[in-house]
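As C-alpha cells, the structure follows; a few thoughts come after it.
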Amino acid sequence: MSTETEKVPIPQKLTLTIKEAAEYSNIGINKIDSLLRSYNCPFVLYVGTKKLVKRKEFEECIRTQVMI
C-alpha cells in the first residue's frame, strides 16, 4: 500500500497549472502566462485569482497556430 498520493496523468486532466502546461507543451512559463493574460484567451480558467489552463482548448490553440 502506497502512502504517496496518486497523480492524475496530464492527458487525463481537465485543467493544468501553468507549470504543467509548460512541461506538457514545451512552451515557457512566461509565454504561457502572457497568453493567459491576453484578452479573450480561449483556454484560461480563473479559480479565484489562480489561473488554470483548459487542456483541450490549449491543445486546440497550439494545433491551429503557426507562431505564438
message: Going through T49, T15 one at a time, which residue ends up being within 11 Å of the chain's Cα centre (by Cα) and of a type in the set (V, I, T)?
response: T15
Residue list for the stretch 25-55, filter: out of contact with any Leu (no Cβ under 7 Å at 6 or more places or on another chain) and among the basic types (K, R): K31, R37, K50
message: Among the residues in the stretch 22-33, are any of a type outside the set (G, A, S), on the phi < 0 side of the Ramachandran plot, part of a loop (DSSP other than H, G, I, E, B) and modelled with pLDDT under 95?
response: no
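The values are calculated or read from the model by the stated rules, or taken from the named source; none is laboratory data. Remember, it's a predicted structure, so these values are computed and weren't measured experimentally. No Cβ is skipped: glycine too gets one built from the backbone with ideal geometry, and neighbour counts run over all protein chains shown.
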